[in-house]
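Reviewing the structure listed below.
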Amino acid sequence: MPASHQPAAEDALLEKLGYRADLKRTLSLFANFGIAFCYISPVVGVYSLFGYGLNAAGPAFVWGIPLVAVGQLFVALVFAEVASAYPVAGALYQWGKLLIGPRYGWMVGWIYGWALLVTIAAVDFAGAPFLAQLLRLDGPPVLIVGIAAALLLVHTIFNVVGVKASAFITKLGVLGEVSATIVIAGVLIAGGLPQPASVLLETAGTGTGLGYAPAFLAALLSPVWVFYGFESAGDVAEEVVDAPRKVPRAVLGSMLGAVVVTAFLMVTLVLAAPSIPDAMKDPAKTIGLIFEARLGRGLSIVMLLLIVFAYFSCATAIQAACSRLVFAYARDGVIPGAEVLKRVNPKTRSPTAALWFTGVIALITLCLTLLDVGKVNASAVIVAYASTGIYVSFQLIVTAFLVQRLRGWKGEGPFSLGRFGKPVAVLALLYGVPMTLNICWPRPAGEPAGWFPVASAVVIIGSGLALQLTQAVRRSSAARSTPAPPRAPGRAP
């Protein structure tokens, strides 16, 4: 198909699905890839979670990376086929609706949407201490929240300016992620790695009498929390040129790229640790300990700059994806305030109202991190739900895909798994369902924090079901109160 005809064909596909082309189709394959890759953000994931994985299970935790990567690749393949058939803004919400039905899609989007909203706040909150360190600021928790709010405001403005501005940030984010990986790994390797390769087989027990399995399962959460976000390429599909072909490539490319960067960086950091026992003591200080021992002050500042920008571009990408989900809901008229939230700026053709809405909700979430109710901190609840909501919504879409495949659906886009569709979906569920249970497994069971993932999921899913039930009751009441149209004379009842 000639390039000049692509927009018309894509607009026709949108019309077939019941929508107008309200958003501006300007994103290239690299821009679409950049949004997904920056959402995954290997650098953010590694610096946030490397210490946790090492502390939980010792150096051998890195062998969880290929396990999680292969499992998520099955999920990404399913998403790539669905995105090729349904390149519509809102991704998981639309996919669930088009594969199963409106109520199913609404519930998937509700679970997924809250995960995105809290993740925006979580990423800004996690990046704020690095910026504070760079600016040599030290103060109470409210200072960190203030810095996080400033980051939130800046990337919201970039997103409001238009998808090209946010794409510019995420393109720079890709370059920053790659540069940070090359510079860090290059310096560490050039200085000589103090640990032998055999250290990657060293384990740390849990003291439970159950061997290494509990520790390894806990450490698996480190790569689990890294390897998602590839689906965001589909959230902005209506703004991608030749979306049926390019969005699947962005989904798979961002996932594979993140695996390579994460594995290389985590293995290098293990081998670069001056002392494994010291590095395992405090997860929050693991990266700093390695950097202080191997990098000079000047290079440490450069690393901080790259890390801060990685967090910033990550939050920018997540907000771009989340706003398109809110826009998709509003366009269908299935959330309160739909008339406002579906508005598109006529100049930039971006969902401005939805963007400001995500910013406000993220700001409220940031403020909640200051709350402590007894031993329960709101920040811990926010982080706990992020991955739980993502994984639950992922399994719902894979299930919907498998149901349709069993009914004979073979995809309607240029990217198709063909006869491998059903086995890939089964493998995705065989990975995803047990891993979702692993995420929700109370750790430690004797403390409130161990139950945060389960409790937060119950609250979000329960509230979604309650809203659906309320809407069904209202529709039923409205139908009963509406008088039936008069019958024509002489016609049988």
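The table that follows gives values for the structure above.
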quantity	calculated
The chain: calculated mean residue ellipticity at 222 nm from DSSP helix runs of at least 4, using -39500 (n - 2.57)	-23500 deg cm²/dmol
Net charge contributed by nearby residues that have their C-beta within less than 11 Å of L116 (K/R +1, D/E -1)	-1
Residue exposure sequence - L13, L341, L371, L299 - by fewest surrounding Cβ within 10 Å	L371, L299, L13, L341
A213-A190 FRET efficiency (beta carbon distance; Förster radius 51 Å; 0.05 resolution)	0.85
DSSP H segments from the chain that extend 27 Å or more along their own axis, Cα-based, with Kyte-Doolittle mean of 0.0 or above	64-85, 102-134, 141-161, 163-190, 243-272, 297-331, 378-406, 421-440, 452-481
FRET efficiency for I301 and L201, using Cβ-Cβ distance with R0 set to 41 Å, rounded to 0.05	0.70
Lysine pair number, Cα distance threshold 27 Å (strictly under), segment 23-475, separation 8 or more or different chains	23
Extension gain from L430 to S28, taking 0.36 nm per residue of separation minus the Cα-Cα distance	141.3 nm
Additional length obtainable on full extension of the chain from E15 to T470, 0.36 nm per residue less Cα span	160.7 nm
Rounded if a/c under 1.5, otherwise prolate or oblate - segment 117-252, Cα gyration tensor axes	prolate
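Quick note: the coordinates plus some simple rules give every number you see, no bench work behind them. Since the structure is predicted, the reported quantities are computational estimates derived from the model, not experimental observations. Please note: Cβ atoms are built from the backbone with ideal geometry, for glycine as well, and neighbour counts cover all protein chains shown.
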